[in-house]
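Student: This is the structure I want to talk about, given as structure tokens.
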Amino acid sequence: MYFIYTQVNQKIQAFGEKLKEYWSFAMVWFENEGEYYTFHHLIKPQTTLFGFNEPIDFVMPQGGAIIEICIPLKTFQTYAYKLQRHDLDDNFRRKNHVNLLPTRMKEIKDYLKQLFWLAVHKPNWLQKPHIEKLVADDFVPLLISQIPIKLNSKCFLKPSRRGKLIAQAEQQILANLETPLTLKQLAENLGSSSATLSRGFQELFGMSPMRYLKVRRLNAVRQHLKASDPESCVIATLASQFGFYHQSHFTKDYKAMFGELPSETLGKKT
């Protein structure tokens with residue numbers, strides 16, 4: 001897997017073919033440096049993920065910068081299958097671009113910023129044999145989970161009222177990872193209905209709001225496990241902080257999502 005940073009000192013147009021054994025995803029890194037286009041489609045720096053079609057055709061402004069992520073085809077397909085994202089197929093690839101929620105794009109960029117910091121300040125750490133798999137295990141599922149599951153015309157229009165509602169719901173969920181939250185409470189907090197929220201989440205994320213909440217809580221537990229001392233961290237206590245009170249159910253869900261036990265995540269040395 002490769003992460004490629006490209007910055008230009010003059011406006012350019014690039015076109016050609018890509019390596020067929022990789023899936024590439026690109027995003028604008030600087031958001032106020034002029035207009036970017038891919039196949040004559042205006043790219044929105046805060047939301048557009050593009051460049052996953054095999055041919056290349058994009059325009060960069062003077063001073064513009066993009067990040068391109070090249071993922072081996074087999075690696076991408078493996079993670080997509082694990083996450084049951086069967087929609088990420090050749091039809092998806094031919095679309096060449098998709099708009100994410102701004103909060104979702106920010107999550108991807110925040111992860112990349114951490115990775116680039118390590119590349120500059122701790123390059124030897126990134127060269128350790130197990131780090132490539134560690135990064136793939138973290139980043140590829142993160143990338144896949146940000147892509148809307150249904151790619152129709154709504155993905156390329158200005159955010160609708162439903163899109164804004166789901167963005168607000170996501171913020172509420174992230175603010176309540178460690179506190180009880182029901183679908184009814186979430187809907188009431190937003191002045192909406194449970195049915196409207198459920199339809200919106202299913203359309204955008206391919207899952208219910210409560211399933212989405214569980215996924216985010218599992219990710220939060222994983223990040224805490226990685227940052228914790230194996231000698232002092234009690235997994236059951238940590239899990240309960242995020243609403244997982246049944247240890248065996250938590251362990252089963254965790255392994256299904258990440259392919260390893262919580263204890264294995266905690267025990268990893270970097």
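Student: Which residue, Ile131, Leu143, Trp117, has the largest displacement toward the positive end of the dipole of the stretch 100-146 when charges sit on each Cβ (Lys, Arg +1; Asp, Glu -1)?
Tutor: Comparing the listed Cα positions along the dipole, Trp117 ranks first.
Student: Using a 10 angstrom cutoff on alpha carbons, build the Gaussian network for the chain and name the most mobile of Gln171, Gln202, Gln77.
Tutor: Gln171
Student: Express the relative contact order of the stretch 104-232 as a whole percentage, based on alpha carbon pairs under 8 Å and six or more residues apart in sequence.
Tutor: 22
Student: Among Thr75, Val234, Leu204, whose Cα sits farthest toward the positive end of the charge dipole of the chain (+1 at Cβ of Lys/Arg, -1 at Cβ of Asp/Glu, about the Cα centre)?
Tutor: Leu204
Student: Could you work out the per residue convex hull volume over the alpha carbons of the chain, in cubic angstrom?
Tutor: Spelled out: Cα convex hull of the chain, divided by residues, is 140 Å³.
Student: Could you tell me which helices of the chain pass both thresholds, a Cα extent of 20 Å or more along their own axis and a mean Kyte-Doolittle hydropathy of at least -0.5, with helices taken as whole DSSP H runs?
Tutor: 102-121, 131-146, 161-175
Student: Right, next: Under a Cβ-only charge scheme (Lys and Arg +1, Asp and Glu -1), can you give me the dipole magnitude of the chain about the Cα centre, in debye to the nearest 20?
Tutor: 540
Student: Which of His224, His130, His121 moves the most in a Gaussian network model of the chain with Cα springs under 10 Å?
Tutor: Comparing His224, His130, His121 in the GNM, the peak value goes to His121.
Student: Of the listed pairs Lys122/Lys268; Lys44/Lys184; Lys184/Lys255, which have alpha-carbon separations greater than 23 Å here?
Tutor: Violating the 23 Å limit, Cα to Cα: Lys44/Lys184; Lys184/Lys255.
Student: How large is the Kirkwood hydrodynamic radius of the stretch 2-147, counting all unique pairs of alpha carbons, in Å?
Tutor: 15.9
Student: Have a look at the stretch 224-267 and give its Rg and Dmax from the Cα atoms, expressed in angstrom.
Tutor: Spelled out, the Cα radius of gyration and Dmax of the stretch 224-267 are 9.8, 25 Å.
Student: Moving on. If the cut-off is a Cα-Cα distance under 17 Å, which aspartates and glutamates reach Lys11, setting aside same-chain residues fewer than 8 apart in sequence?
Tutor: Within the straight-line cut-off, Lys11 pairs with Glu31, Glu33, Glu35, Asp57.
Student: Continuing with this model, one more query. Report the chymotrypsin sites (Phe, Trp or Tyr not before Pro) located in the stretch 3-49 that are in a DSSP loop and have at most 16 other Cβ atoms inside 10 Å of their Cβ, or state none.
Tutor: Phe30, Phe39
Student: Separation of the stretch 1-36 and the stretch 164-201 by C-alpha centroid, Å?
Tutor: 35
Values in this text are rule-based calculations from the coordinates and carry no lab data. Nothing here was measured: the structure is a model prediction, and the numbers come from that model. Glycine also receives a Cβ, built like all others from the backbone with ideal geometry; neighbour counts cover every protein chain displayed.
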